[in-house]
Amino acid sequence: MTSYATTPHVRDDHATDHFSGIAECHECGLRHEIDRLAPGSSALCGRCGSTLLKIPVDSLDRSLALAAGGLILIVIANTMPFMSMKIQGLIQEADLITGAIALLKQGMWPLAAVVAATTVAAPLLKLGAISCPPQHLPMIFRWIEMLRPWAMIEVYLLGVFVAYVKLIDLATIEIGLAFYALAILMVVMVAIDTILSPELVWAEMERRGIVTVPKAAPGESLVLCETCSLVAPVAHHGSPCPRCGASRHWRKPESLTRAWSLMITAIILYVPANVYPVMTVISFGAGSPDTILSGVEELALAGMWPLALLVFFASITVPVLKIIGLSILLITTQRGSQWRLRDRTVLYRIVESVGRWSMIDVFMISILAGLVRLGALATIEPGIGAIAFAAVVITTMIAATCFDPRLMWDAAGERS
Ligand SMILES: [Zn+2]
Ligand SMILES: [Zn+2]
């Protein structure tokens, strides 16, 4: 067992912040003995290079301060006007939640739910959880880990930007206070992700007696908790984690079957997502439907090349690359291939993290539908293609989560 720790600076006055124990790599499954990892340093997996553990300096105090600030920002973002639009003397205002409500009114409840969950509910739960009373912490921290990929404020803001550019020729647009609050909130959320070390939070809960972690007897079989990263003895298959309560498995159950079936669903949905209109712009009584591709074309024809390229990349290239990337991972794993294991692990990391950016178009549509509601003069209605497209993004995201990259290493190991 090898461990590689980089140590920019070691401070011995924070002895309780040091981490010692067993860590298992989430991506290749290799176990590491870590001895006194100091604050301000991180440990990398010696086999695949992924980050095993990071111990930021003063992690808990700084995260708590940021979360409190974030909660204030989220209140401002949800109560103040977000954007307003003026066409021929008519003014239409929109709040953050207006987009979701407008979608709901138009019968597009699946889209409304996705927009509300990723822009309001997930960030709110995450910030609220960090500043929560300690007795509920284990359950809440489990939720934070599970919600991590679904808070998409940064993607939403990019969607706002695309919507803004599309409208600027038609109307006068004013940006409200809520927009600025959301922009700062995005920075706060990124900062929390960097500063907050779940490992230290669990250690603190252990110290206060909120959770108890059993010591492993020598020779006892251990399993990694995918949610809180604890490596602990396991009584039986699927038995709950002693620290966070999530059910644990040696490897993600039915990983390949689940990933394949979600992928095939995504491939099928990809057709209606591109064929049917994602929205219809009605101006002066006449409607013109837009598909994803025609939306990109429109941006390009208007001379907005960088934005056209961005939307093309996020909405068309990323889903296709994700489907191809996941297929490569699944096929090579099933064949027990030893080909470029480390590169394939990096491919998995990319596939897992890039998918959320495809939501730009979905968010843009929700903003346009929420803002442009001026009857026959100008109205934007979301189309059925948008639901199919959001479903493609979500099914590929879940497929990536279902795939267990450790299986690649297991399968290659068995063959050698
Ligand atoms: Zn590894
Ligand atoms: Zn756990």
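Scanning the range 38-90 for residues that are within 28 Å of G128 (Cβ to Cβ) and either within 16 Å of ligand 1 (Cβ to nearest atom) or among the hydroxyl-bearing types (S, T, Y) (or both) turns up S42, T51, L53, K54, S59, S63, T79.
Test T401 against the stated conditions and say whether it is open to solvent by 10 Å² or more (accessible area, probe 1.4 Å) and at pLDDT below 90.
No; evaluated as a whole, the condition is false for this residue.
Being hydrophobic (A, V, I, L, M, F, W, C) and under 16 Å from S366 (Cβ atoms) is a property that M146 lacks.
Considering the range 235-248, the residues that are out of contact with any Phe, Trp or Tyr (no Cβ under 8 Å at 6 or more places or on another chain) and open to solvent by 40 Å² or more (accessible area, probe 1.4 Å) include one that is farthest from ligand 2 (Cβ to nearest atom), namely H236.
When you check I264 against the structure, is it open to solvent by 40 Å² or more (accessible area, probe 1.4 Å), without any contact (Cβ under 8 Å) to a residue 24 or more places away in the chain, within 28 Å of E27 (Cβ to Cβ) and not acidic (D, E), yes or no? Steps first, please.
On the way: open to solvent by 40 Å² or more (accessible area, probe 1.4 Å): yes; without any contact (Cβ under 8 Å) to a residue 24 or more places away in the chain: yes; within 28 Å of E27 (Cβ to Cβ): yes; not acidic (D, E): yes.
Considered against the rule, which asks whether it is open to solvent by 40 Å² or more (accessible area, probe 1.4 Å), without any contact (Cβ under 8 Å) to a residue 24 or more places away in the chain, within 28 Å of E27 (Cβ to Cβ) and not acidic (D, E), I264 comes out as yes.
Yes/no per residue for (1) more than 22 Å from M397 (Cα to Cα); (2) surrounded by 16 or more Cβ atoms within 10 Å (Cβ to Cβ):
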| position | (1), (2) |
| --- | --- |
| P277 | yes, yes |
| D290 | yes, yes |
| A300 | yes, no |
| M304 | yes, yes |
| P319 | no, yes |
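If the condition is being outside any helix (DSSP H, G or I) and either of a type in the set (F, W, Y) or open to solvent by less than 20 Å² (accessible area, probe 1.4 Å) (or both), then the range 338-373 contributes W339, V372. Among the residues in the range 281-292, are any on the phi < 0 side of the Ramachandran plot, modelled with pLDDT under 90 and assigned to a loop (DSSP other than H, G, I, E, B)? So far as the range 281-292 goes, no, none of its residues is on the phi < 0 side of the Ramachandran plot, modelled with pLDDT under 90 and assigned to a loop (DSSP other than H, G, I, E, B). Across the range 221-237, the qualifying residues are those that are within 16 Å of ligand 1 (Cβ to nearest atom) and assigned to a loop (DSSP other than H, G, I, E, B), and the one among them that is nearest to the chain's Cα centre (by Cα) is E226. Number of residues in the range 321-331 that are under 13 Å from A266 (Cα atoms) and open to solvent by 10 Å² or more (accessible area, probe 1.4 Å): the value is 4. Within the range 128-141, is there a residue that is at pLDDT 85 or above, part of a helix (DSSP H, G or I), among the hydrophobic types (A, V, I, L, M, F, W, C) and under 20 Å from T194 (Cβ atoms)? No, that holds for no residue. As for the range 215-224, it holds at least one residue that is without any contact (Cβ under 8 Å) to a residue 60 or more places away in the chain and either farther than 24 Å from E199 by Cβ or within 14 Å of ligand 2 (Cβ to nearest atom) (or both).
On the stretch given as the range 15-37, residues that are away from ligand 1 (no atom under 16 Å from the Cβ), buried (at least 18 other Cβ atoms within 10 Å of the Cβ) and not in a strand (DSSP E or B) total 2.
Scanning the range 174-189 for residues that are surrounded by fewer than 16 Cβ atoms within 10 Å (Cβ to Cβ) and either at pLDDT below 90 or under 18 Å from L90 (Cβ atoms) (or both) returns a single hit, E174. Tell me which residues, restricted to the range 76-100, are assigned to a helix (DSSP H, G or I), at pLDDT 85 or above and closer than 26 Å to I387 by Cα. Selection gives A77, N78. Here is a check on your reading of the model: is A273 farther than 30 Å from Q334 by Cβ and either in a strand (DSSP E or B) or not polar (S, T, N, Q) (or both)? No; evaluated as a whole, the condition is false for this residue. Evaluation of I173 against the conditions (1) part of a helix (DSSP H, G or I); (2) touching a residue at least 60 places away in the same chain (Cβ under 8 Å) shows that the sole unmet condition is (1). Residues in the range 387-416 that are touching a residue at least 12 places away in the same chain (Cβ under 8 Å) and within 16 Å of ligand 1 (Cβ to nearest atom): F403, D404, P405, R406, L407, M408, W409, D410, A411, A412. Look at the range 243-260: where a residue is closer than 14 Å to M146 by Cβ and more than 16 Å from ligand 1 (Cβ to nearest atom) and a partner is assigned to a helix (DSSP H, G or I) and of a type in the set (D, E, K, R), sitting 6+ places away or on another chain with Cβ atoms under 8 Å, you get C244/R142; C244/E145; G245/R142; A246/R142. Considering each residue of the range 137-147 in turn, none proves to be acidic (D, E) and open to solvent by 60 Å² or more (accessible area, probe 1.4 Å).
The values are calculated or read from the model by the stated rules, or taken from the named source; none is laboratory data. All figures in this text were calculated on a predicted structure; none of them were measured in a lab. Every residue, glycine among them, receives a Cβ derived from its backbone with ideal geometry; neighbour counts consider all protein chains shown. Note: areas computed on protein heavy atoms with side chains; ligands, DNA, RNA excluded. Shrake-Rupley method; radii C 1.70, N 1.55, O 1.52, S 1.80 Å.
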